[in-house]
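Single-structure report; data block below.
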Amino acid sequence: MKKTLYMTFALDNGKKKQIALANPKAGLAETDVRPVMTSMVTRHALTPGGAALTAVDAAVVREVKDTKLI
């Protein structure tokens with residue numbers, strides 16, 4: 001099963017930016033992810049399209065199972 005951590009941030013232009021990280025550590029919790037995301041916002045770590053990160057919006061781990069047909 002493939003797992004991906006999706007972190008979504010609000011931008012100062014009213015849009016959102018999602019960052020995907022493959023194979024996150026098992027058992028991640030909000031207490032692991034929120035401080036990292038908050039640090040990215042406060043340190044202006046990214047400026048997608050010239051926009052600044054303004055807030056943490058969401059974080060989810062998505063699991064995808066591939067089923068081989070052929």
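The values are calculated or read from the model by the stated rules, or taken from the named source; none is laboratory data. Quick caveat: nothing in here was measured; it's all calculated off a predicted structure. We place every Cβ from the backbone using ideal geometry, glycine too, and count neighbours over all the protein chains shown. These accessible areas exclude ligands, DNA and RNA; they are computed on the full protein's heavy atoms, side chains included. Shrake-Rupley method; radii C 1.70, N 1.55, O 1.52, S 1.80 Å.
What spacing in nm lies between the two simple spin-label points modelled at residue 28 and residue 55, each 7 Å away from Cα in the Cβ direction?
In this crude label model, residue 28 to residue 55 measures out at 2.2 nm.
Considering only the other residues whose Cβ falls under 9 Å of the Cβ of residue 23, what net charge follows from Lys and Arg at +1 and Asp and Glu at -1?
+3
Using a 1.4 Å probe on the protein heavy atoms, what percent of the accessible area of the chain belongs to carbon and sulfur?
Carbon plus sulfur share of accessible area: 53 percent.
Within the chain, what is the longest stretch that has no trypsin sites (Lys or Arg not before Pro) placed in a DSSP loop and near at most 15 other beta-carbon atoms within 10 Å?
Longest site-free region, per DSSP loop and neighbour criteria: 44-64.
Which one, 44, 54, 67, is farthest towards the positive end of the dipole of the chain when Lys and Arg carry +1 and Asp and Glu -1 on their Cβ?
67
Using a 1.4 angstrom probe, figure out how much accessible area the chain has per residue, in square angstrom, rounded to the nearest whole.
Accessible area per residue, the chain: 74 Å².
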